[in-house]
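The structure under discussion appears below in the form of structure tokens.
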Amino acid sequence: VSDDLSVVEDAGDLYYRGDLWGAFPTARQEIDRRVSGRPDGHWIDRLRQATDGRTFRRALVLNCGSGALERRLLAEGVVEAAVGIDYSDDLLDQARAAAADPALADELSYRQMDVNSLAFADEDVDLVVNQAACHHVRYLDRVLRACAELLPDDGWMVSWDYVGPHRHQWPWDQWEAAHLLNRTLPEGLRNELVYSHLPTMLAEDPTEGIHSELFRETSDRYFDVQDEQPIGGALAYLVLTRNRALLEAPADVRDPLVDEVMAADQRWLDHHPGRTLFTFLATTPKQGDTAPSADQCTHWTEEEELREEAAEHLGGEYAERTVLQDLTRELSDARLGSEHRLASIHQLQQELTDAQARIEQLEGDQAASAMPWASALRRAAKKVPGAQRAAKAVRGAARSSD
Ligand SMILES: C[S@@+](CC[C@H](N)C(=O)[O-])C[C@H]1O[C@@H](n2cnc3c(N)ncnc32)[C@H](O)[C@@H]1O
């Protein structure tokens with residue numbers, strides 16, 4: 001378990017593997033259609049609509065990664081300039097390199113920081129952008145409050161983010177529905193549905209989905225919703241993400257199957273509107289009487305700090321484990337246990353083989369006295385409990401052949 005729940009060191013390779021549900025061309029089109037109304041649209045189009053085509057003076061792009069988004073916002077004239085912040089030096093290097101183009105150099109700048117530190121709070125911006133950023137934020141209340149305070153009265157915050165269960169701890173009914181949908185795919189093109197194993201997640205990236213399910217309610221403390229579009233994913237994200245076999249199937253086989261998965265996903269979303277995994281949200285900071293009071297803010301801060309302190313004593317976990325998590329851990333521990341046992345057996349077999357080879361060598365040595373015989377056997381027997389019997393048998397055999 002990582003000691004630090006706020007950041008990941010050397011995260012460069014973690015975030016752009018290209019194996020999520022959006023890697024499927026027709027799923028991508030459907031996701032884009034859900035947010036923009038057009039299969040070749042983008043959430044930026046939706047933002048443009050919500051803001052009447054406004055051009056923002058300067059954007060703060062939270063956890064910007066390798067920076068493609070701000071380059072696009074700039075190219076499309078949505079912003080005149082942007083500052084990107086991220087913790088990963090690797091990703092910031094990539095963003096800076098791409099922004100080194102003289103056409104972009106004046107407009108794009110970057111700062112390395114842990115977003116939870118609020119070191120961005122001195123930035124002069126009229127738009128805050130959260131694309132797949134806030135689901136990595138540990139002190140969500142602190143950060144969203146700072147974003148609201150940073151913005152002028154007519155500023156905006158736009159989000160395109162994962163807002164589903166923290167750390168992919170799917171509830172039973174969702175897992176079961178995804179499981180049944182997966183089974184409708186032809187054998188060989190199904191996903192290997194593996195429930196997220198918390199100890200592995202904590203070791204790899206403790207920030208992944210750390211408080212994703214708190215994002216909506218926390219945003220509502222400081223921002224008014226101007227436009228919102230749930231995107232779904234409860235079933236399709238599970239069935240498609242990392243489904244290599246289906247991704248590599250010929251398009252005429254793959255695409256109709258993916259369309260069916262996306263249709264089932266839409267039906268699930270229609271029946272469970274509050275349980276989207278991803279959402280588009282365009283907001284403006286609360287003002288005047290609707291803004292939270294200082295007392296209320298103090299209370300939220302205390303609550304957040306207590307939660308984080310408690311998590312440090314609980315190995316980075318925040319909630320009761322789901323029954324699926326308990327079963328996943330039991331299965332994983334049992335697997336690990338049997339792998340260890342198998343490794344010990346292999347080691348014992350090797351030691352036995354070595355001991356036998358040594359015995360044969362000694363047998364062949366005419367000059368060997370009884371003492372080295374005995375001590376070699378004792379050594380072999382000590383190292384290899386299973387070899388004791390073999391050694392005894394060999395000793396017996398050796399005596400009877402004397
Ligand atoms: C899923 S990626 C999204 C990157 C980018 N927004 C995009 O859409 O391509 C999450 C990003 O959050 C960054 N990150 C995670 N924890 C952070 C922290 N505490 N402070 C700053 N950045 C962080 C990672 O380095 C990574 O670039």
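The values are calculated or read from the model by the stated rules, or taken from the named source; none is laboratory data. As the structure is a prediction and not an experimental result, all values here were calculated from the model. So basically every Cβ, Gly included, is an ideal-geometry build from the backbone, and we count neighbours across all protein chains shown. Remember, those area values only see protein heavy atoms, side chains included, never the ligands or the DNA or RNA. Shrake-Rupley method; radii C 1.70, N 1.55, O 1.52, S 1.80 Å.
Yes or no: Arg48 more than 10 Å from the ligand (Cβ to nearest atom), of a type outside the set (S, T, N, Q) and either assigned to a helix (DSSP H, G or I) or within 21 Å of Ile210 (Cβ to Cβ) (or both)?
On the way: more than 10 Å from the ligand (Cβ to nearest atom): yes; of a type outside the set (S, T, N, Q): yes; either assigned to a helix (DSSP H, G or I) or within 21 Å of Ile210 (Cβ to Cβ) (or both): yes.
Yes: the conditions hold for Arg48.
Looking only at residues of the range 113-142 that are more than 12 Å from the ligand (Cβ to nearest atom) and part of a loop (DSSP other than H, G, I, E, B), we find that the one that is most open to solvent (accessible area, probe 1.4 Å) is Asp122. For the range 275-326, what are the residues that are of a type in the set (Asp, Glu) and under 26 Å from the mean Cα position of the chain (by Cα)? Selection gives Glu303, Glu304, Glu305, Glu308, Glu309, Glu312, Glu317, Glu320, Asp326.
Restricting Asp52, Asp45, Asp40 to residues that are among the acidic types (Asp, Glu), farther than 22 Å from Val115 by Cα and touching a helix residue (DSSP H, G or I) at 6+ places or on another chain (Cβ under 6 Å) narrows the list to Asp45.
So which residues in the range 150-207 are in a loop (DSSP other than H, G, I, E, B), closer than 28 Å to Leu69 by Cβ, in contact (Cβ under 8 Å) with a residue 60 or more places away in the chain and open to solvent by 40 Å² or more (accessible area, probe 1.4 Å), if there are any at all? If the condition is that a residue be in a loop (DSSP other than H, G, I, E, B), closer than 28 Å to Leu69 by Cβ, in contact (Cβ under 8 Å) with a residue 60 or more places away in the chain and open to solvent by 40 Å² or more (accessible area, probe 1.4 Å), then Asp153, Asp154 are the ones that fit. Can you tell me which condition Val253 does not meet? The list is (1) open to solvent by less than 40 Å² (accessible area, probe 1.4 Å); (2) more than 19 Å from Pro171 (Cα to Cα); (3) aliphatic (A, V, I, L, M), and all the others hold. All conditions are met except number (1).
With the requirement that a residue be surrounded by 13 or more Cβ atoms within 10 Å (Cβ to Cβ), assigned to a loop (DSSP other than H, G, I, E, B) and of a type in the set (Asp, Glu), what does the range 20-43 give you?
If we filter the range 20-43 for residues that are surrounded by 13 or more Cβ atoms within 10 Å (Cβ to Cβ), which is where we start, we get 20-36, 39, 41-43.
Going one step further and asking which of them are assigned to a loop (DSSP other than H, G, I, E, B), we end up with 20, 24, 39, 41-42.
None; the set is empty.
Of the listed requirements (1) within 16 Å of the ligand (Cβ to nearest atom); (2) polar (S, T, N, Q); (3) touching a helix residue (DSSP H, G or I) at 6+ places or on another chain (Cβ under 8 Å); (4) within 30 Å of Asp154 (Cβ to Cβ), Ser109 misses just one: (3). A Cβ distance below 9 Å, combined with a sequence gap of six or more or placement on separate chains, defines the contacts here; from the range 334-351, residues that are over 20 Å from His197 (Cβ atoms) reach residues that are among the charged types (D, E, K, R) in the pairs Glu351/Lys383. Among the residues of the range 77-104, those that are in a helix (DSSP H, G or I) and either closer than 25 Å to Ala11 by Cα or in contact with a helix residue (DSSP H, G or I) (Cβ under 8 Å, 6 or more places away or on another chain) (or both) comprise Asp89, Asp90, Leu91, Leu92, Asp93, Gln94, Ala95, Arg96, Ala97, Ala98, Leu104. Here His313, His271 are screened, and the one residue that is open to solvent by 80 Å² or more (accessible area, probe 1.4 Å), at pLDDT below 95 and either out of contact with any helix residue (DSSP H, G or I) (no Cβ under 7 Å at 6 or more places or on another chain) or farther than 30 Å from Val125 by Cα (or both) is His313.
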